[in-house]
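Some notes on the structure that comes next.
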Amino acid sequence: MTDRTGRAGLEKDELYAVAREFDQLRAQISVPQVPSDLLDLVAASQQLATLTGLVKDLSDEVLFRAVDEDPGLDFGPVIDAYTSATVPAGRAMENYTEAYAQFGFLRRFAEAPDSADLRDARAAAFRVVQERMELVRDDLHEVSDTLRGAADRLDGTPPRVLAALSRSARPTNSIYRLPVEPPASGPVRLAYTPEPRHGR
């Protein structure tokens, strides 16, 4: 039988590692205070590509566990952590792409002749970037909190100890399944037993 006792620890470590990657991206994203603080389109594109990759990583983590058919492991709590984290990660993508569109607008009209309308449009674009970047940072913080919280709660009780616990004492957030007990063997009975014949 495969020794699975360290698997819960590995799953915790992976949850923490993915949370750190979202934290690292959050640290790179700032909310501009004045127009001169705005990222250029190259840096914004790189950040968006990193965010897209991290969202893909979440689905890859789910896929890896969803196809695992080890009968001794239940990845439900881990899968739930990653799928729950996709909600704020998706919002971060939505908010970043809204800001990204404004970066594109500002780049397009960077050298256009100045006018009152263009100044108003640039100011509006800047406000959208500020608002959306703040939301992106909040969303990324929620992703890492979700993953860390799940890792903190993930139970690492070894399978043998788990099997010895009463049903009410077993943790619900364990990745270990209890071994399936084979049915007790009993006397073999025929589906039909004819009545004995009595002589007359």
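Annotations
- Selection of the range 14-51 for residues being among the acidic types (Asp, Glu) and over 21 Å from Glu142 (Cβ atoms) yields Asp37, Asp40.
- Residue in the range 51-58 that is assigned to a helix (DSSP H, G or I), touching a strand residue (DSSP E or B) at 6+ places or on another chain (Cβ under 9 Å) and either over 21 Å from Asp152 (Cβ atoms) or not charged (D, E, K, R) (or both) present: no
- Residues in the range 116-130 that are out of contact with any helix residue (DSSP H, G or I) (no Cβ under 8 Å at 6 or more places or on another chain) and surrounded by 14 or more Cβ atoms within 10 Å (Cβ to Cβ): Gln130 only.
- Every pair of residues 6+ apart whose Cβ atoms lie under 9 Å, when the first sits in the range 105-124 and is modelled with pLDDT under 95 while the second is open to solvent by less than 100 Å² (accessible area, probe 1.4 Å) and assigned to a loop (DSSP other than H, G, I, E, B): Leu106/Leu38; Arg107/Asp40; Leu118/Phe109; Leu118/Ala112; Ala121/Phe109; Arg122/Phe109
- Of the residues in the range 22-39, none is surrounded by fewer than 16 Cβ atoms within 10 Å (Cβ to Cβ) and among the aromatic types (Phe, Trp, Tyr).
- Residue that is in contact with an Asp or Glu (Cβ under 8 Å, 6 or more places away or on another chain), more than 30 Å from Pro35 (Cα to Cα) and not basic (Lys, Arg), where the choices are Leu140, Leu58, Leu73, Leu154: Leu154
- Lone unmet requirement of (1) within 26 Å of the chain's Cα centre (by Cα); (2) open to solvent by 60 Å² or more (accessible area, probe 1.4 Å) for Pro113: (1)
- Looking across Leu15, Leu48, one residue alone is of a type in the set (A, V, I, L, M, F, W, C), under 20 Å from Leu154 (Cα atoms) and surrounded by 12 or more Cβ atoms within 10 Å (Cβ to Cβ). It is Leu15.
The values are calculated or read from the model by the stated rules, or taken from the named source; none is laboratory data. Please read these numbers as outputs of a predicted model, since none were measured by experiment. Positions of Cβ are backbone-derived with ideal geometry, glycine not excepted, and every protein chain shown enters the neighbour counts. The protein model used for the area step is the full one, side chains on, heavy atoms only, and it has no ligands, DNA or RNA in it. Shrake-Rupley method; radii C 1.70, N 1.55, O 1.52, S 1.80 Å.
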